[in-house]
Amino acid sequence: MSECSEGVAEYVAKGEAMAAAAANRRAVMRTKKFDTIAVHGIYDMEAAAANQGSIIEPGYLSSAEHFENSDHMEAALAYLMPAWVYSRIANPTVHYLEETLALLEGYGFDGEVSALATSSGMSAVFMATNPFLEDPEPGMNIVVSARCYGGTFMLFGQRYGVERGVDVRWVRDPLDLNEWADKIDGNTRFLYGETPSNPSLSIMDIEAVAAIAHAADLPLMIDSTVATPALTRPLNLGADIVVHSTTKSMTSSGFAIGGAVIAKHNITTHIGPDAMRENFAMYVKLLPFRDHGPGISPFNALMTISDLRTLRHRMDTVSNSSMKVARSLESHDSVDRVAYPGLESMPGHEIAARNMWLVDGADDYGTDINRFGHLLAFEVKGGAVAARKVFDQFEMIWRATDLGRIKSVATIPAISTHQQQGDEGRDLAAVPSNLIRLNVGGEHPDDIIADLDRALAVLNARSVVSHSSA
């Protein structure tokens with residue numbers, strides 16, 4: 001102990017009181033409904049009184065915290081008390097976001113949940129997975145659904161697989177439980193899936209795969225970006241860690257890039273120190289995250305907090321619109337196939353219907369009600385050339401590599417988000433060249449359908465040559 005240990009001890013005691021007060025506030029908010037949590041988070045009247053009476057969470061854009069004295073600094077930097085220290089590690093505005101995300105993702109979950117906000121969805125995927133790979137050994141491997149976002153595919157396949165020698169064992173069909181189980185051995189570090197996946201909208205049985213993972217003393221991680229906690233909360237289904245690109249539906253305005261790692265306490269794993277197992281998100285935040293440095297901007301955190309307040313209502317509306325758009329596309333003569341979890345023709349629809357529910361939907365509709373999100377994909381008849389011709393005709397639907405927007409957005413994954421995977425990688429991930437991914441926004445669905453119909457009409461107006469290899 002330093003010569004100032006008595007003074008430091010006073011701040012440690014103060015920190016214990018602060019932590020107890022925060023735990024009490026979380027306990028109070030866990031008794032509230034989803035919408036109330038989304039609107040308030042942990043920000044209450046006492047916090048407002050300390051922030052000039054502001055009823056909205058303030059944006060703390062400062063990079064660092066002033067300390068009262070050296071004892072305060074020592075206690076804070078040693079993580080002996082709650083503190084903001086430096087905005088790369090912790091910041092009051094970011095803290096409000098993290099607490100809200102933990103409460104929303106942990107809604108209905110009996111145990112404790114913590115969250116870490118990051119600068120992007122990809123930084124969240126990296127920070128969730130890298131701690132399990134920091135002590136390499138021969139044969140070290142990960143078991144991953146190949147039906148995932150292109151950036152995730154490249155992180156695992158290229159950065160981990162090629163550059164670091166990790167054996168990446170791709171699960172081609174995430175609905176095949178035998179495929180998950182058969183790829184696990186004594187050197188497996190974690191299982192990872194994305195459901196519904198981007199862009200194929202593939203479904204996986206989280207409960208069943210979690211049971212397989214836990215039987216091998218391994219954690220299951222789920223990217224739940226497309227569903228959001230308004231429709232699915234994987235921790236309630238057995239997952240250990242959830243990652244999000246908060247850039248997407250959580251921040252539907254499109255004003256901010258961000259990500260999140262949300263984990264239950266006492267995750268299942270035989271890797272790493274006890275602290276990592278006991279509170280994974282906090283362990284990552286205070287140690288590897290601190291040193292890797294992918295902190296979210298406080299301004300971006302504030303933008304996400306603002307959009308989160310209406311998450312459930314937005315997901316209800318856009319899910320309804322998406323179902324109408326998906327059914328229209330499914331009956332169109334120029335469309336080969338539509339991928340949307342709400343369609344009975346979709347593989348895994350029964351599982352999606354079991355797991356994807358509008359949270360607190362019975363309060364609105366008198367009964368629990370399925371909602372399937374606002375991402376869908378469709379394959380255009382005529383191959384890649386036809387798909388590009390249709391894509392180029394959109395007048396209201398934006399052409400961009402984005403999703404979750406309040407404005408409808410489309411892309412062709414084979415030439416954008418999944419281009420770097422190459423033909424073999426796209427085949428593995430079930431991303432054909434004629435696939436158009438569509439984010440259904442907040443516009444009236446009839447107007448979205450009209451734009452799609454008008455664009456698809458180009459295929460009847462002129463001859464389109466199919467190039468299956470394009």
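Ser62 passes all but one of (1) modelled with pLDDT under 95; (2) of a type in the set (Gly, Ala, Ser); (3) within 29 Å of Ser306 (Cα to Cα); (4) assigned to a helix (DSSP H, G or I); which number fails?
(4)
At least 1 residues that are more than 15 Å from the chain's Cα centre (by Cα) and surrounded by fewer than 24 Cβ atoms within 10 Å (Cβ to Cβ) in each: list the strands (runs of 3 or more DSSP E) lying fully within the range 172-266 that qualify. Talk me through it step by step, then tell me what you get.
Values: elements: 188-194, 220-223, 241-244, 259-264.
Here the list reads 188-194.
Could you count how many residues in the range 344-355 are in contact (Cβ under 8 Å) with a residue 12 or more places away in the chain and farther than 19 Å from Glu194 by Cβ? Walk me through how you get there before you give the answer.
Just the residues of the range 344-355 that are in contact (Cβ under 8 Å) with a residue 12 or more places away in the chain, to begin with: 345-349, 351-353, 355.
Among the residues that remain, those that are also farther than 19 Å from Glu194 by Cβ are: 345.
The number of residues fulfilling the criteria is 1.
Does the range 440-447 contain any residue that is in contact (Cβ under 8 Å) with a residue 40 or more places away in the chain, under 27 Å from Gly151 (Cβ atoms) and among the charged types (D, E, K, R)?
no
The conditions are (1) under 30 Å from Ile406 (Cβ atoms); (2) modelled with pLDDT under 95, and Thr304 fails exactly one of them. Which is it?
Only one criterion is unmet by Thr304, namely (2).
State which residue pairs qualify: first residue over 12 Å from Leu104 (Cβ atoms) and in contact (Cβ under 8 Å) with a residue 40 or more places away in the chain and inside the range 37-51, second residue outside any loop (DSSP other than H, G, I, E, B) and not basic (Lys, Arg) in any location, beta carbons under 7 Å apart, and separation of 6 or more residues or different chains.
Partner pairs satisfying both residue conditions: Tyr43/Tyr96.
Provide a single number: the residues in the range 113-151 that are aromatic (Phe, Trp, Tyr) and under 17 Å from the mean Cα position of the chain (by Cα).
Residues meeting the conditions: 2.
For Met282, state whether it is in contact (Cβ under 8 Å) with a residue 40 or more places away in the chain, in contact with a helix residue (DSSP H, G or I) (Cβ under 9 Å, 6 or more places away or on another chain), surrounded by fewer than 24 Cβ atoms within 10 Å (Cβ to Cβ) and outside any strand (DSSP E or B).
On the way: in contact (Cβ under 8 Å) with a residue 40 or more places away in the chain: yes; in contact with a helix residue (DSSP H, G or I) (Cβ under 9 Å, 6 or more places away or on another chain): yes; surrounded by fewer than 24 Cβ atoms within 10 Å (Cβ to Cβ): yes; outside any strand (DSSP E or B): yes.
For Met282, the condition - in contact (Cβ under 8 Å) with a residue 40 or more places away in the chain, in contact with a helix residue (DSSP H, G or I) (Cβ under 9 Å, 6 or more places away or on another chain), surrounded by fewer than 24 Cβ atoms within 10 Å (Cβ to Cβ) and outside any strand (DSSP E or B) - is met.
Any residue in the range 171-192 that's in the same structural domain as Ala216 (by TED's automatic domain parsing): show its pairings with residues that are modelled with pLDDT under 95 and among the aliphatic types (A, V, I, L, M) at Cβ separation under 6 Å, as long as the two are six or more apart or on different chains.
Arg189/Ile271
Does the range 350-404 hold any residues that are surrounded by fewer than 17 Cβ atoms within 10 Å (Cβ to Cβ) and in contact with a Gly (Cβ under 6 Å, 6 or more places away or on another chain), and which are they?
Asp368, Ile369
Would you pick out the residues in the range 88-115 that are farther than 21 Å from Ser54 by Cα and among the polar types (S, T, N, Q)?
Result: Ser114, single match.
Looking at Gly53, is it in contact with a His (Cβ under 8 Å, 6 or more places away or on another chain), farther than 21 Å from Ala17 by Cβ and assigned to a loop (DSSP other than H, G, I, E, B)?
no
Out of the residues in the range 422-438 that are under 21 Å from the mean Cα position of the chain (by Cα) and not basic (Lys, Arg), which is farthest from Val162 (Cα to Cα)?
Once the filter is applied, the top-ranked residue is Leu438.
Could you say which residue among Lys14, Lys33 is touching a residue at least 40 places away in the same chain (Cβ under 8 Å) and over 30 Å from Arg314 (Cβ atoms)?
Details: Lys33 fails: over 30 Å from Arg314 (Cβ atoms).
Of Lys14, Lys33, the one residue that is touching a residue at least 40 places away in the same chain (Cβ under 8 Å) and over 30 Å from Arg314 (Cβ atoms) is Lys14.
The values are calculated or read from the model by the stated rules, or taken from the named source; none is laboratory data. Model, not experiment: these values are computed from the prediction. Don't worry about glycine lacking a Cβ; one is built from the backbone with ideal geometry, like all the others, and counts go over all protein chains shown.
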